[in-house]
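The values are calculated or read from the model by the stated rules, or taken from the named source; none is laboratory data. Note that the structure is predicted; figures quoted are calculated from it, not measured. Here Cβ is always computed from backbone atoms with ideal geometry, including for glycine, and neighbour counts include all displayed protein chains.
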Amino acid sequence: MAIVEPTHHLSPRLASMKMFSHASGYKTVYADLNVTPLVDMFVILVLFLVANFSATGEILSMSNDVQLPVAANTQELIPAPVIVISKQEVLVSGFLLGRIDDLTRDAYLNIPTLEEKLREMRMQYENLHAAANDLSAFKGNVNIQGDKNAKFSILKRVMFSCAAAGYSTISFATLAGEKEPTTDG
Amino acid sequence: MAGGMDLGGGGGGGKKPLDSAINLVPFIDLMAVTIAFLVMSAVWTQVGALQVSQSGQAASQDQAQPTEQLKPVAILLREASMTISFGGQPFDPIQITRDEKQKMDVTLLAARLKEVKSQEPTQTALTVTAEDSVRYDDLVRVIDTCTGNGFGAIAVSPASG
């Protein structure tokens, strides 16, 4: 029996497929990708992100050193100078004022460096708005980003210094929490 | 991907098919850019603010009202107890109890504030006087409870001064 060399040929099942058939000559390789689910997903994502979009941006920079307390009946945070009372230090707009132990050691109710810094910031703000003929722009808003374990002894000094520098509307930054169930049902 | 619109088979005469595909590529591009922008600018932590004033100052101009006729409401907050006074008359002190997460229980405070509010419904001003050892978390919780019970103009003052 003669030896038959195996040749490259397809099985009958594959040969019957359109892809492997050479009967019709030229075949286009154009394949259309179905993008409808992709567009659906994009639309839902955009809607979700736009609904969560905050035009004011990030006023506070979160850090592990400051654990904010939780409150339910809050208002929106206004862009204003931020005083950070961390576990150990007090900062105003990123400028370190000192350690809490040092700042609460004296019997004085104010923190002179904080008051000075706030006055400086107020002057800058007013000068900037005076250049634009907007003299009633200063509202005296200030945000306090305090750690929840901070004591009132430092808070009262910070608040007093804010009031002394003309920042009378003080906002305590809090994390949004659930409303308490009411007692009367 | 091809950018042109596929308007069916070309030439050959006869009737042209009416179905046409909208080119979605620019739309996908726009969506991708918008999503990238929104994800980068998103603020994921929901932060709110409780507005207070130093004692002796009006909370804000629009909330200033003639409080002379109204009985003043004040809370003296200590580390372990608090006392509400209404028109200068103090109620019984409330002992502060906490849960396992050190969260203060404010049920009794809310009930007292409701009682006060029912007697003086137009009063929105309240002064919280706190001692030095009071935790910021407790103070915020008390202010939050007061705000939730209709006292919007809250002033904070130190106990010693």
Do we have A:Leu109 as in a loop (DSSP other than H, G, I, E, B) and either surrounded by 15 or more Cβ atoms within 10 Å (Cβ to Cβ) or more than 27 Å from the chain's Cα centre (by Cα) (or both) here?
yes
May I ask you to say which residue of B:Leu108, B:Leu76, B:Leu126 is in contact with a Cys (Cβ under 6 Å, 6 or more places away or on another chain) and either at pLDDT below 90 or more than 10 Å from chain A (Cβ to nearest Cβ) (or both)?
B:Leu126
Residue check for B:Val116: modelled with pLDDT under 90 and touching a helix residue (DSSP H, G or I) at 6+ places or on another chain (Cβ under 8 Å):
no
Touching a residue at least 60 places away in the same chain (Cβ under 8 Å), farther than 20 Å from B:Val142 by Cα and of a type outside the set (Asp, Glu), is that true of A:Ile111?
no
Quick check on my filter: what residues within the stretch A:125-167 are assigned to a helix (DSSP H, G or I), without any contact (Cβ under 8 Å) to a residue 24 or more places away in the chain, within 22 Å of A:Leu77 (Cβ to Cβ) and of a type in the set (Gly, Ala, Ser)?
A:Ala163
In the stretch B:99-146, what residues are farther than 23 Å from B:Ser157 by Cβ and β-branched (Val, Ile, Thr)?
B:Thr107
Would you point out the residue of the stretch A:7-37, among those that are out of contact with any Phe, Trp or Tyr (no Cβ under 7 Å at 6 or more places or on another chain) and assigned to a helix (DSSP H, G or I), that is modelled with the highest pLDDT?
A:Pro37
Looking at A:Asp65, A:Asp40, which one is assigned to a helix (DSSP H, G or I) and more than 10 Å from every other protein chain (Cβ to nearest Cβ)?
A:Asp40
